Each structure stands twice: as structure tokens, then as C-alpha cells.
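Trainee: Sharing a structure with you now.
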Amino acid sequence: MADTHGVSLLALRCDALAALTSDAIVDMVSYFDPDLVYIIREKMDMRVVSQLQRDCNQPIFHAQDGTIRTETVGGVSFIFTTSVDRLGEARAPDEAIPETADVVVCDELQMVPDDVNMDAGLDGIDHIARYQARTDGTTTFLTGALEASYDYVWRANSNRTVVRLPVRGLAPLRRSGAPELACLTCDTDGRVAVTSAPTNTFGLQALTNVGTTTAQRLKENGYTTRSDVASTTRQELRVIHGIGNSTAKTIQQSAQALVEKSVLRQTDATVPAADYSPLFVDIETDGLTPTIIWLIGVYDPAREEYIDFVDTDPSLDDPGKATRAFIRWLAAEYDRPSLVAWNGHAFDFKHLTTFISRHAPAYADYWNESVFEYDLYDWAVRKGNAILPGRTNRIEDVAAALDCNRDVSVEVIDGKTLARTIQRMLQSPTQTDTIDWNVARAYCEADVRELAAVYSAIASATPGRKRADAPTDDTTTQTGLLDF
């Protein structure tokens, strides 16, 4: 919930909730635990709005023609409006419209084709530019007309002044299988972090191999919660039409992992680097196909030491500064280190290998011959050695399900937003995009320490049994293979 660091806004579109039962909606709200709920204007259905009003304790805002509503939570001020031109109007002194707000939510902000420049423009940009020009602070503009992956800083002239207009999307992300709902955490400094989860990971559908049909059959047979499924037997589950022995085993184990907030070891295979003293590593880049690695964090639990290597002046002229500092330190400190990363074979190790070869070739032999790479995600999920209690496979989700919660100081930061900011800094060095490097470093450290906590939970789980000390709670999560 809200504190001085950030306020969370859960954005919902009615059609994305069509398949959710009342229990699943309650589970969804519990999972995101937002401070505010916003219902996007597109596909508005007042029946769904009424259901949300009944099932949510949080303040709910939805589009109402011509209205402007305001809310301040945890020191962060919001304006909700359906009329973007109202923002641009010069307002009378007695009109109850704030002259400034940290966040403005307006679904009339949307992309439009620009046939003259063969590009796309932002409908409503002149109005929000006039609004921003009247204020001293920085306002972030959110719109349900764009997906939550949209993150762009527009610039426009207003009264001969160039104003900066950060625009973020709110609409569900389109994924195969189910739309992915987004929750945005905003602060007074204009920072925004996005967390998301697919709609088919709430309620009984959070369980592996349970879709809408199986969820309905479970409910018809008296299994209305994940706790019900976790506490039954496979024999009883096999009685249900469409559930065989293998499916019953998967469903029950998935339920146990979620309810017990525990790791379930599927095999007795050796955990990666179990015979060594592993180092946990995470990298931050400018995207999935990086042109720069600007931050590398390493945690050594044996030394109880975290260290990072950060390039605070990122440039395409020398994108290997952080990589060189990292590999020089690693070679000086460790003869034959064992590195553990999350999805490392597909990302961290893959790109470190490329950057070391390109920007620190003198260390290529050391990296290739003396450094051992272990991918914990690959071992646990892809190879089926463990069932993890996360609604998604993202490391922060799995860690949170294991009650390893990151510090609130980094809740307004996410990796994709950092990557896009770095992209803008590289493309336009003279622009005003900046990063709070201390917060960015704290974010990377949180990722690495969460990785170490998840590793510890997996290593301490007895094959074939739940971790004995796990508390019980029916509001936790199940893994789903999503992007990283």
C-alpha cells in the first residue's frame, strides 16, 4: 500500500475481466494490493464496474463524461478526467481543478496518424502542453488508450516554452492466452514502475493446467479455493471429469506451492553450483538486444558482500565501461567463480560474453575457461526440477511469494522503464532525461538479493516435499512463462 515512496494505480478494462469470477477478482485485487483502481473508458461495462465496487475496498475511478476528479494519496496527487481540452483551458479562480498534479489520467490522449510527416502524433498534446506550461513541477500523463508498455516523453511548445510531457499507457498488455493487467506505481518525482500479471493467473486458474473449464469443474465439485485443492488427495481430484493422474498431480502440487508459499522440489537433481560458493549476478541494459550494459550487480553470500559496476555517463562511444570494470574485478578476486543468474543463458551470460569479447578481449579466455555459468530459472522451470510459488516466473514475483519483499525505496523503478530511459539518453544526450543512479543501483541490488533468496529456498527444499517452515496463505501465486 501507499507510503512516501510511491502510490499504486491498478488499471482495469472491463472486457479483460469478463472471464473472471467474483473470487478471482478479489484474488486479483489482493495480489496487486493497489492504492487506487482506475477503470478505462474503452469497453466500459457498468455491470463490471458495480462488481468491482462491491468487491474492492480501494477508491475506484472510472470515466464519466465531463467530470474531473482529484485524489491525493501518500503525497502523490492525481487528476482523473475524460476531457483533455479541459486541462488546457485557463480556469476561473473558483474552479476546483488543481493547477498542478503529479499524475493526470485521461483516456483521450491517444496516438493519431500524421500523414504529413509520415509518422504518428499524440492527440491532445497541445492541451496537456498548456497545462504543463502553467506548472512548476513535472506531471506524468497516463492514458488507457495505449498499452501499459507505452513509455514516451513528448515535447511541445506552449507560449514559446518547450515543455516535457512523459506519457505512459494503462491498457492491458496483449499476450497469447490472456490479457495482462498492469499496476503502475507513481511518485512525486515523475518516476513510474509497472508490474503486471495475466488475467488467467487469478483464482483457481493460478494453478498449473487449470483453465476456465477445469476451474469450473473444480468449483462444481466443491473446490472453490486453492487451499481446497491443496488439502485434497490426487485420488479425489481424479474423480473429476477431464482430470487424469498426471494432471491431478500437477494441479495438487501447484496448489501446495502456492498455498504453502514454498518451493516444491520435483527431482533430486543437484541444485546449480551447490558444491561451490556461488556468486549471484544481474545486469541492466538498454533493452533485450542491448547496445550497452550500464550496470552489473554481484552478491557474494559467503563474504556477505554486494558490489556493483555502474556507468553513470552512458555513451554509445564506449558502451563497455561497466563490463570492463566488472571483469577486471572478477578476475582479480576469484580464480574459478561460479555465477548464478535468473534466465542467464538467454540474457545475462549471453550478453556478458558478447561484451567481454568486444570490449575486454584480454579477459575472454578467463571468462570462457575459468568462469562457470548457472541458470537457476532454466534448472528449476524449464527442466522441471522445482515448482515455484510465483504468479509469473519473474524473479521479483517468485521472491515476493516466498515473503522476500524488496525495499519500498525501489518500488517506483522497473527494469523496462530504466532501459527506455537509457535508450533516450543514448539517442539524445542533450535532452533532460536523467536517472537517479542511487535508486537504480538499489533496484539492481534488490534483484540480486532476491535471486539469492530464491536460490536458498530451492536449495533447502527436500525433493518430493514442501519446505517445512513455510507459512500458509491462499493469496499467493503460481508461475507462468512470460517475458523477462
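Trainee: Go through segment 310-340 and report how many residues are closer than 25 Å to residue 378 by Cβ and of a type in the set (Gly, Ala, Ser).
Mentor: So the count comes out to 2.
Trainee: Does segment 86-95 include one or more residues that are assigned to a loop (DSSP other than H, G, I, E, B) and either at pLDDT 90 or above or buried (at least 21 other Cβ atoms within 10 Å of the Cβ) (or both)?
Mentor: Within segment 86-95 (the criterion being assigned to a loop (DSSP other than H, G, I, E, B) and either at pLDDT 90 or above or buried (at least 21 other Cβ atoms within 10 Å of the Cβ) (or both)), the answer is no, since none of the residues qualifies.
Trainee: Which of the residues spanning segment 229-266 are in contact with a strand residue (DSSP E or B) (Cβ under 8 Å, 6 or more places away or on another chain), of a type in the set (S, T, N, Q) and open to solvent by 10 Å² or more (accessible area, probe 1.4 Å)?
Mentor: Correct list: 253, 256, 266.
Trainee: Still on this structure: Of the conditions (1) open to solvent by less than 30 Å² (accessible area, probe 1.4 Å); (2) out of contact with any strand residue (DSSP E or B) (no Cβ under 7 Å at 6 or more places or on another chain); (3) free of Cβ contacts under 8 Å to residues at least 60 places away in the same chain; (4) under 30 Å from residue 390 (Cα atoms), residue 27 fails just one. Which one is it?
Mentor: Checking residue 27 against (1) open to solvent by less than 30 Å² (accessible area, probe 1.4 Å); (2) out of contact with any strand residue (DSSP E or B) (no Cβ under 7 Å at 6 or more places or on another chain); (3) free of Cβ contacts under 8 Å to residues at least 60 places away in the same chain; (4) under 30 Å from residue 390 (Cα atoms), the one that fails is (3).
Trainee: What about residue 129, is it in contact with a strand residue (DSSP E or B) (Cβ under 8 Å, 6 or more places away or on another chain), among the small types (Gly, Ala, Ser) and either assigned to a strand (DSSP E or B) or more than 26 Å from residue 427 (Cα to Cα) (or both)?
Mentor: no
Trainee: Here's a check for you: in segment 303-337, which residue that is of a type in the set (A, V, I, L, M) and open to solvent by 80 Å² or more (accessible area, probe 1.4 Å) is nearest to residue 455 (Cα to Cα)?
Mentor: Among residues in segment 303-337 that are of a type in the set (A, V, I, L, M) and open to solvent by 80 Å² or more (accessible area, probe 1.4 Å), the one nearest to residue 455 (Cα to Cα) is 332.
Trainee: Taking the residues in segment 210-222 that are assigned to a helix (DSSP H, G or I) and touching a residue at least 12 places away in the same chain (Cβ under 8 Å) as candidates, determine which candidate is surrounded by the most Cβ atoms within 10 Å (Cβ to Cβ).
Mentor: The selected residue is 218.
Trainee: If you don't mind, there's one more thing I want to ask. Would you mind finding the one in 364, 360 that is more than 31 Å from the chain's Cα centre (by Cα) and crowded, with 18+ Cβ neighbours inside 10 Å?
Mentor: The conditions single out 360.
Trainee: If you don't mind, another one. May I ask you to say which residue of 254, 196 is in a helix (DSSP H, G or I) and at pLDDT 90 or above?
Mentor: Answer to the check: 254.
Trainee: Out of the residues in segment 376-400 that are open to solvent by less than 20 Å² (accessible area, probe 1.4 Å) and assigned to a loop (DSSP other than H, G, I, E, B), state the one that is farthest from residue 337 (Cα to Cα).
Mentor: So, considering only residues that are open to solvent by less than 20 Å² (accessible area, probe 1.4 Å) and assigned to a loop (DSSP other than H, G, I, E, B), the one farthest from residue 337 (Cα to Cα) is 391.
Trainee: Of the residues that make up segment 200-209, is at least one of a type in the set (Val, Ile, Thr) and surrounded by 20 or more Cβ atoms within 10 Å (Cβ to Cβ)?
Mentor: yes
Trainee: Return the residues of segment 286-299 that are in contact (Cβ under 8 Å) with a residue 12 or more places away in the chain and open to solvent by 10 Å² or more (accessible area, probe 1.4 Å); say none if nothing qualifies.
Mentor: Matches in segment 286-299: 286, 287, 288, 290, 291, 299.
Trainee: How many of the residues making up segment 16-66 are assigned to a helix (DSSP H, G or I) and more than 16 Å from residue 201 (Cα to Cα)?
Mentor: Result for segment 16-66: 10.
Trainee: Right, next: If I filter segment 138-160 down to residues being open to solvent by less than 40 Å² (accessible area, probe 1.4 Å) and among the small types (Gly, Ala, Ser), which single residue comes out as farthest from residue 37 (Cα to Cα)?
Mentor: Only one residue tops the list, namely 158.
Trainee: I've got another one for you. Filter segment 358-375 down to the residues that are touching a helix residue (DSSP H, G or I) at 6+ places or on another chain (Cβ under 6 Å) and assigned to a helix (DSSP H, G or I), then identify the one that is farthest from residue 320 (Cα to Cα).
Mentor: 366
The values are calculated or read from the model by the stated rules, or taken from the named source; none is laboratory data. Computed from a predicted model, the values in this text were never measured in an experiment. Backbone-built Cβ (ideal geometry, glycine too); neighbour counts: all protein chains shown. Only protein heavy atoms, including side chains, enter the accessible area calculation; ligands, DNA and RNA are left aside. Shrake-Rupley method; radii C 1.70, N 1.55, O 1.52, S 1.80 Å.
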